[in-house]
Structure formats: structure tokens, C-alpha cells
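Visitor: Below is a structure I'd like to ask you about.
The values are calculated or read from the model by the stated rules, or taken from the named source; none is laboratory data. Small disclaimer: the values here were computed from a predicted structure and weren't measured. Quick reminder, even Gly has a Cβ in these numbers, built from the backbone with ideal geometry, and neighbours come from all protein chains shown. Side chains included, ligands, DNA and RNA excluded: accessible areas come from the protein's heavy atoms. Shrake-Rupley method; radii C 1.70, N 1.55, O 1.52, S 1.80 Å.
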Amino acid sequence: MRHRGDDGVTLIELLVVLSISGVVATAIAAAFAVGVKTTDTANKRLAGSQGAQIATSFFPSDVRTSKTGPAAAGSCNTGTSKARFDWNDADAGTPPVVTAKRAEYCAVTAGTPAQTDLVREYRENGSLVGSVIVAYKITSASVGCAPDCTAPVSVTLTVLAPDNSDFTVTGRRRMP
């Protein structure tokens with residue numbers, strides 16, 4: 001049996017190790033690049049779907065409870081009204097106390113650089129109770145009614161965004 005000394009490595013062994021290291025490093029770099037690209041895409045899709053989720057939680061309920069169609073003119077604090085829904089709620093007291101309620105969807109432009117967001121403002125007896133951003137960085141928002149906006153059966157909110165996170169939400173009115 002021949003003993004080999006610890007004098008070092010041969011040129012062949014060094015070349016084999018370097019080529020294997022190169023292949024492994026290339027695979028790790030490619031996996032990292034795919035992971036970063038996938039994470040960025042997933043984050044954009046998640047941010048885009050957030051607006052649709054928020055709109056779905058508010059808009060159908062606002063349409064269902066409103067006593068009229070979506071009035072276009074409104075009282076947005078800082079933006080352009082896209083739709084306004086009014087209704088009254090009475091509590092269970094004797095005599096019942098009636099509260100006038102309003103939900104209004106407003107296109108609000110602010111910030112540097114300027115961006116337009118769709119905001120839902122909620123009022124009770126004319127006082128602003130709260131607001132929530134329904135969709136960030138929108139290109140436009142529009143409301144359509146079927147069969148018409150004077151006495152609609154259904155109302156549709158369409159939001160367009162520059163990052164292709166467009167969505168449409170429809171609510172059906174309770175008929176008297």
C-alpha cells in the first residue's frame with residue numbers, strides 16, 4: 001500500500017473541484033434569480049387583488065341597502081364622486097331612532113408623484129365616520145347600472161389600474 005503525503009492537490013483534482021463549484025454556483029444563482037422574480041410578481045398580484053377584496057366587502061352591501069340608485073353628485077371630502085348610496089337605519093328602541101347613512105366612492109388624487117386612489121367615505125347623519133382606500137393607483141373608476149341608474153336592479157363598479165390589476169364588482173339592490 002502506498003502512502004501519499006499531504007503535500008497538496010494535483011492539478012487534475014483542482015480542475016475537477018473548480019468545474020463542480022462553477023456548476024453548483026450557476027445553479028444557485030439561477031435559483032436565486034427565479035425566486036426574486038417570482039416573489040416580485042407574486043407581490044404585485046397580491047397588491048392588485050387587495051382592491052378587489054376590499055371592494056367586494058363593501059360595494060355589494062352598499063348597493064343592496066341603498067334606497068336609490070347611485071347618485072353621481074356627492075360630498076367627497078377631497079375627490080371626485082363616482083357613486084353615492086344613501087339609506088336609513090332604525091334601531092330597536094321605542095320610539096326607534098333613525099340614522100341617515102351614506103357610502104360614497106371617490107377618486108382622490110394626492111401625493112408626490114401624484115396618484116389617484118379610489119376611497120370609500122362612510123357618513124352617518126352627515127358626519128364622516130370613516131374612510132378606506134378601496135384601490136390604490138387607479139387609472140379610472142366608473143359605475144354602471146342595469147337597466148338604468150334611476151331605478152337600477154344591479155350596479156357595477158369597474159376599476160382600471162395601470163398594473164393590469166383591473167376588477168369589476170357588482171351589487172344587486174333589494175327591491176321594495
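Visitor: If you place +1 on the Cβ of every Lys and Arg, -1 on the Cβ of every Asp and Glu, and leave all else neutral, what size is the dipole of the chain about its Cα centre, to the nearest 20 Debye?
Guide: 440 debye
Visitor: Next up: How far is helix 11-65 tilted off the main Cα axis of the chain, in degrees rounded to 10, range 0 to 90?
Guide: Compared with the principal axis, the helix lies near 10 degrees.
Visitor: Quote the FRET efficiency, to the nearest 0.05, computed for Ser127 versus Leu160 with a Förster distance R0 of 45 Å and r equal to the Cβ-Cβ distance.
Guide: The pair Ser127/Leu160 has a calculated efficiency of 0.90.
Visitor: Further, regarding this structure: Label points 7 Å out from Cα along the Cβ direction at Arg174 and Ala110: separation in nm?
Guide: So the two model labels end up 3.3 nm from each other.
Visitor: Could you compute Rg(Cα) / (2.2 N^0.38 Å) for the stretch 90-149, with N its residue count?
Guide: 1.54
Visitor: What's the lysine pair count for the chain at a Cα cut-off below 23 Å, pairs eight or more apart or interchain?
Guide: 6
Visitor: Would you kindly find the accessible area of Arg174, with a 1.4 Å probe and non-protein molecules such as ligands, DNA and RNA excluded, rounding to the nearest 10 Å²?
Guide: 140 Å²
Visitor: List the equivalent ellipsoid semi-axes of the chain in whole Å, largest first, each obtained as the square root of 5λ for an eigenvalue λ of the Cα gyration tensor.
Guide: 61, 17, 15
Visitor: Taking a 1.4 Å probe, which of Phe58, Phe32, Phe85, Phe167 shows the most accessible area, and what order do the others take after it?
Guide: Reading off the accessible areas and sorting them downward yields Phe32, Phe58, Phe167, Phe85.
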